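The values are calculated or read from the model by the stated rules, or taken from the named source; none is laboratory data. As the structure is a prediction and not an experimental result, all values here were calculated from the model. When we count neighbours, we look across all protein chains shown, and the Cβ atoms used for this are built from the backbone with ideal geometry, even at glycine.
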Amino acid sequence: MLPVMLDPRTFRRTVGHFVTGVTVVAFDIDGATRAMTANSFTSLSLNPPMILFCVGKETRTGRSIQAATRFSINILSEEQQDLSTYFAGRWCDGAPPAFAFENWLGRPRLEGSAAALACDLHAIHEGGDHWIVVGQVAAVHCVNAPVKPLVFFRGAYTALNPAFIER
């Protein structure tokens, strides 16, 4: 089978029509917390509970993810858009937005997230110019208060209809 030659920008614009939530993946390496924004996140298995996310091989996180044995997936709320921008490396407003990580079962958890998953690294697979990182979920954390999710569509943040959220 011959490889399909697609313009990367056209491909990215097309898959951008898939609505995603936004997460921050956080892990500790050599005593320092590192974090990245990821919307390439999905559940993978219920038994055992597993998730996956993807990270560019040439990114700072992609070059160091092999050293992480534990990490957290932090699902962001609408109020955390600034943190998404910051951890995506696109922050341009001087001082970073306020945030804190707390130690949660030996993993950094982003305070204020709508939900979080504590994960153990299960596998890292090749995926073109990205790594496919598989984690086995060890624990979950959810806020009990109503929360509006941070949503991404066609290259921009958007909001869900409030009537949909109240269901």
Pairs needed: first member in the range 87-100, closer than 20 Å to ILE73 by Cα; second member anywhere, small (Gly, Ala, Ser); C-beta distance under 6 Å; at least 6 residues apart or different chains.
PHE87/ALA35
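Of the residues ALA114, ALA118, ALA145, ALA88, which single one is touching a Pro at 6+ places or on another chain (Cβ under 8 Å) and not β-branched (Val, Ile, Thr)?
Only one candidate qualifies: ALA114.
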Given the condition basic (Lys, Arg) and on the phi > 0 side of the Ramachandran plot, answer yes or no: does some residue in the range 103-122 qualify?
no
Of the residues ALA38, ALA32, ALA26, which is without any contact (Cβ under 8 Å) to a residue 40 or more places away in the chain and under 12 Å from the mean Cα position of the chain (by Cα)?
ALA38
Considering only residues of the range 28-42 that are assigned to a strand (DSSP E or B) and farther than 16 Å from ILE132 by Cβ, which is modelled with the lowest pLDDT?
ILE29
Just to be sure I understand the filter: pairs with C-beta atoms under 7 Å, separated by 6 or more residues or on different chains, first member in the range 126-139 and within 17 Å of ARG60 (Cα to Cα), second member part of a loop (DSSP other than H, G, I, E, B). Which pairs pass?
ASP129/LYS57; HIS130/LYS57; TRP131/LYS57
Mind listing whichever residues of the range 44-60 are within 21 Å of LEU105 (Cβ to Cβ) and either of a type in the set (Val, Ile, Thr) or within 12 Å of the chain's Cα centre (by Cα) (or both)?
ILE51, LEU52, PHE53
When you scan the range 1-47, how many residues do you find that are under 30 Å from ASN103 (Cβ atoms) and either touching a helix residue (DSSP H, G or I) at 6+ places or on another chain (Cβ under 7 Å) or surrounded by 10 or more Cβ atoms within 10 Å (Cβ to Cβ) (or both)?
23
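Across the range 60-76, what is the total count of residues that are in a loop (DSSP other than H, G, I, E, B) and surrounded by 15 or more Cβ atoms within 10 Å (Cβ to Cβ)?
The qualifying residues number 2.
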Need the failing condition index for ARG60 against (1) farther than 22 Å from VAL137 by Cα; (2) touching a strand residue (DSSP E or B) at 6+ places or on another chain (Cβ under 6 Å), just the number.
(2)
